[in-house]
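To start, the structure itself, in structure tokens.
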């Protein structure tokens, strides 16, 4: 990189603010799971971390960036496996919000979720249970996510999509809502999937992707994660639930939360399709179709519905 390169000048400025000095940098590949909008760098300098990763957020994503920063800072103090944050602020040249953090060595699912889950599945579940068991003296300053508000929002979105399958799933859930007893709020990840994990062998090295962290009922995470795993087969969900409950204890109303998690994912897929122009629909259906079918099969297995 030359001294006239704006990107180089920007990076040098960020390193100066993070570490008190700039250093020669070499771009390196961004590992699977470390983020699509990220720049990974090797640093050459005594007393500096050997590798860092720079994650960029558009100005409109400032709230998401703040959530990630707040959650990681608080969890780092609790010795939970998250990357160390070296700098959080604005990029002078791009006006993006930036998060400069530790580059965690390890491997993600790398397009082989089945093999990855076979290796790290128990640790994946136990790590989520450990997150939910943290006894906070003072919880981090994250948004609160009430269950009734979340459910009403999903119901509104289902009705707007006018999908018979989603409407039937919602109809199965609605009669049970009044009986749901909220558990004490904990820090939840909000999008805990295999793609957010970096592992060394069977051990989880780091949990990434904290942009949706909030204070909420832990079953938001458990149901969503179980449903997301079902895309690869219901057996993955079953193994995850067994391992989570071994670590955290039995879950009240588990099936309700799993089906609610599946509906949330289906709504997101439906909304994605609804936004696409017609000429892109066929390709999108080829991509999204297997996940859609997997989630419907999961709901059928958990509820007995025929969708």
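Data table
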quantity: Scope the range 269-301; condition over 14 Å from residue 231 (Cα atoms) and either in contact with a helix residue (DSSP H, G or I) (Cβ under 9 Å, 6 or more places away or on another chain) or surrounded by 13 or more Cβ atoms within 10 Å (Cβ to Cβ) (or both); matching residues; calculated: 270, 271, 272, 273, 274, 276, 281, 284, 285
quantity: Subset of the range 149-170 [in contact (Cβ under 8 Å) with a residue 24 or more places away in the chain and either assigned to a loop (DSSP other than H, G, I, E, B) or over 18 Å from residue 262 (Cβ atoms) (or both)]; calculated: 163
quantity: Which numbered condition residue 1 fails, given (1) in contact with a helix residue (DSSP H, G or I) (Cβ under 7 Å, 6 or more places away or on another chain); (2) modelled with pLDDT of 85 or more; calculated: (2)
quantity: Breaking point among (1) modelled with pLDDT of 95 or more; (2) surrounded by 14 or more Cβ atoms within 10 Å (Cβ to Cβ); (3) closer than 28 Å to residue 83 by Cα, for residue 144; calculated: (2)
quantity: Residue 74 within 18 Å of residue 108 (Cα to Cα) and touching a residue at least 40 places away in the same chain (Cβ under 8 Å); calculated: no
quantity: Sole residue being buried (at least 21 other Cβ atoms within 10 Å of the Cβ), in contact (Cβ under 8 Å) with a residue 60 or more places away in the chain and either in a strand (DSSP E or B) or in contact with a helix residue (DSSP H, G or I) (Cβ under 8 Å, 6 or more places away or on another chain) (or both), chosen from 116, 80; calculated: 116
quantity: Unmet requirement for residue 253, which otherwise passes all of (1) crowded, with 18+ Cβ neighbours inside 10 Å; (2) over 20 Å from residue 116 (Cα atoms); calculated: (1)
quantity: Options 35, 47; residue that is outside the structural domain of residue 196 (by TED's automatic domain parsing), at pLDDT below 90, outside any helix (DSSP H, G or I) and farther than 30 Å from residue 194 by Cα; calculated: 47
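The values are calculated or read from the model by the stated rules, or taken from the named source; none is laboratory data. The structure presented is a predicted model; accordingly, all values stated were derived computationally and were not measured. All Cβ positions, glycine included, derive from the backbone under ideal geometry; neighbour counts span all protein chains shown.
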